[in-house]
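Undergrad: Sharing a structure below in structure tokens format, with a few things to ask.
The values are calculated or read from the model by the stated rules, or taken from the named source; none is laboratory data. Predicted, not measured: the structure shown is a model, and the values here were computed from it. Cβ coordinates were reconstructed from backbone atoms using ideal geometry, including for glycine residues, and neighbour counts include every protein chain displayed. Just the protein is used for accessible areas: all its heavy atoms, side chains included, with ligands, DNA and RNA removed. Shrake-Rupley method; radii C 1.70, N 1.55, O 1.52, S 1.80 Å.
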Amino acid sequence: MSKLVTEPTRASFSNLITLYFFATRPAFLSAALAACMLGLAAASHSGVAIQPLTALLTLLLAVLVHAGVNVLNDYFDALNGTDAGNMERIYPFTGGSRFIQNGVLTPSQTMYFGYLLLAAAMLGGIWLAWQVGDGLLWIGALGLLVGWAYSASSLRLNSRGLGEFCVLLGFLGIIVGADFVQRQSFSVEPMIVGMPYALLVTNLLYINQFPDRKADIAAGKHNLVVRLPLELAVWLYLLLSVLVLVWIAVMVWLRHLPELALLSALPLLFSLRAFSVLHQFAVKPERLLPAIKLTLASMLSHALLLSLIMFWNTP
């Protein structure tokens, strides 16, 4: 089993604030922040003046939702046994936060904390919707439902081969929501801007499932990596990466994105390198850490580049 950093123990934390903060898997929350930046960039590119207060509140609420979903995912994966039985995990990227398995938090504490985070996001979202429009309620409700249903025992969409679609829809929803808060109406613009990033986030989830494959099979968690033959599952990673490139190129050709947006495809070189590693070591999951890091780099670099390009091309 390969480890990047030491797994958490109760003695690792000097106070409850840091303990609960790290229970949210904060390293992954940058994904929600990047999604918000793309939503704000889409609105700005349409000539909408960005309101700093509502923009900051949007960032906070997106992070709260993402954190709550992360915590509840830990709880439900503890219930089904996939994290406890995961001997090939690459911490902190796969196999959960290990807070329950290592006795840092009990399952009930984890559950209550996850629902508390979502409840706080709901209250903030209701107030924000009162300021910018009821449409935000629909976006928020869909996001919360998808995030909960992803791993909730009653639905377990990630065990039915729908987890990847949930991630795609969830992060696209963050981008649309951030745009809506500024624009105060629905537009196709954030979906055009956000689809490549949503695909890249999906690819991060997807590659993270390779080290977890044996544990997921044992727990009955039948995601796409489990459902597909391993040799075929590897190629789906490449297909998602190619779809990112095709989307950007077509949207530039149709003039829905500025020509400079082509530069945001450069981080796909990281994805291609990651695919090479995955193709070589899919059967040796302990060797996949470089591929996971490269996938994360591709995702965040693309978001940063495209956000800057869209802000730069503001009318």
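Undergrad: Rounded, prolate or oblate: which fits the stretch 256-315 when a ≥ b ≥ c are the square roots of the eigenvalues of the alpha-carbon gyration tensor, with rounded for a/c under 1.5 and prolate only if a/b beats b/c?
TA: The shape class here is prolate.
Undergrad: Another question, if that's okay. HN-Hα J couplings of the stretch 21-38 from phi, Karplus 6.51/-1.76/1.60, θ = phi - 60°, integer Hz, Gly and Pro as x?
TA: 4, 6, 5, 7, 6, x, 4, 8, 5, 4, 5, 5, 4, 5, 4, 4, 4, 5
Undergrad: If each Cα of the stretch 147-290 is one equal point scatterer, what is log10 of I(q)/I(0) from the Debye formula at q = 0.14 Å⁻¹?
TA: The Cα Debye sum returns log10 ratios of -0.74.
Undergrad: Same structure, new question: If we sort 186-196, 8-18 on the protection proxy, mean other Cβ atoms within 10 Å, highest first, what's the order?
TA: Ranked by mean Cβ neighbours within 10 Å, highest first: 186-196, 8-18.
Undergrad: When the accessible area of the chain is split by element with a 1.4 Å probe, what percent falls to carbon and sulfur?
TA: 71
Undergrad: Considering Cα pairs under 8 angstrom that are at least six residues apart, work out the relative contact order of the chain and quote it in whole percent.
TA: Dividing the mean separation by the residue count of the chain yields 24 percent.
Undergrad: Here's another thing I want to ask about it. Could you work out the relative contact order of the stretch 27-95? I mean the mean sequence separation of Cα pairs under 8 Å and 6+ apart, divided by the number of residues, in percent.
TA: Relative contact order here is 29 percent.
Undergrad: Let me ask something else. Work out, in µm²/s and without decimals, the Stokes-Einstein translational diffusion coefficient of the stretch 51-112 at 20 °C, 1.002 mPa s, Rh from Kirkwood over C-alpha pairs.
TA: 167
Undergrad: Given points 7 Å out from each Cα along the Cα-Cβ axis, report the residue 29 to residue 130 separation in nanometres with one decimal.
TA: The modelled label-to-label distance comes out at 2.5 nm.
Undergrad: Measuring from label point to label point, each 7 Å out along Cα→Cβ, what is the residue 50 to residue 119 span in nm?
TA: Label at residue 50, label at residue 119, 3.3 nm between them.
Undergrad: Oh, and also: May I ask you to evaluate 6.51 cos²θ - 1.76 cosθ + 1.60, the Karplus curve with θ = phi - 60°, for each residue of the stretch 277-291 and list the ³J(HN,Hα) values in order in whole Hz, giving x for glycine and proline?
TA: Running phi through 6.51 cos²θ - 1.76 cosθ + 1.60 with θ = phi - 60° gives 5, 4, 4, 7, 10, 4, 8, 10, x, 5, 9, 8, 4, x, 5 Hz.
Undergrad: Please get the size of the charge dipole for the chain, origin at its Cα centre, with Cβ charges of +1 on Lys and Arg and -1 on Asp and Glu, quoted in debye to the nearest 20.
TA: 480
Undergrad: So how far apart, in nm, are the two label points at residue 242 and residue 184 if each is 7 Å from Cα heading toward Cβ?
TA: Computed distance between label sites residue 242 and residue 184 equals 4.5 nm.
Undergrad: Between residue 91 and residues 5 or more places away or on another chain, which pairs have amide H atoms under 5 Å apart, with H built 1.01 Å from N, and which residues are they?
TA: Hits under the 5 Å cutoff: 4.
Undergrad: Further, regarding this structure: What 222 nm value per residue comes from the helices of the chain, counting each DSSP H run with n ≥ 4 as -39,500 (n - 2.57) and dividing by all residues, nearest 500 deg cm²/dmol?
TA: It lands at -22000 deg cm²/dmol.
Undergrad: Also: From the backbone phi of the stretch 126-142, what are the Karplus-calculated ³J(HN,Hα) couplings (6.51 cos²θ - 1.76 cosθ + 1.60, θ = phi - 60°) in whole Hz, Gly and Pro given as x?
TA: Karplus values, whole Hz, x for Gly and Pro: 5, 5, 5, 5, 4, 7, 10, x, 5, x, 5, 4, 5, 5, x, 5, 5.
Undergrad: Additional query: Please report the relative contact order for the stretch 68-119, taking Cα pairs under 8 Å with a sequence separation of at least 6, and give it as a percent rounded to a whole number.
TA: Relative contact order for the stretch 68-119 comes out at 54 percent.
Undergrad: Ratio of the stretch 1-106's C-alpha Rg to 2.2 N^0.38 Å, to two decimals?
TA: Ratio of Cα Rg to 2.2 N^0.38 Å: 1.31.
Undergrad: If N is the number of residues in the stretch 6-68, what value comes out of its Cα radius of gyration divided by 2.2 N^0.38 Å?
TA: Dividing the Cα Rg of the stretch 6-68 by 2.2 N^0.38 Å gives 1.47.
Undergrad: Moving on. Of the peptides 20-29, 264-273, how do they stack up when ordered by the mean number of other Cβ atoms within 10 Å, highest first?
TA: In descending order of packing, they fall as 264-273, 20-29.
Undergrad: Averaged per residue, what accessible surface does the stretch 163-315 expose to a 1.4 Å probe, in Å²?
TA: For the stretch 163-315, the per-residue accessible area is 44 Å².
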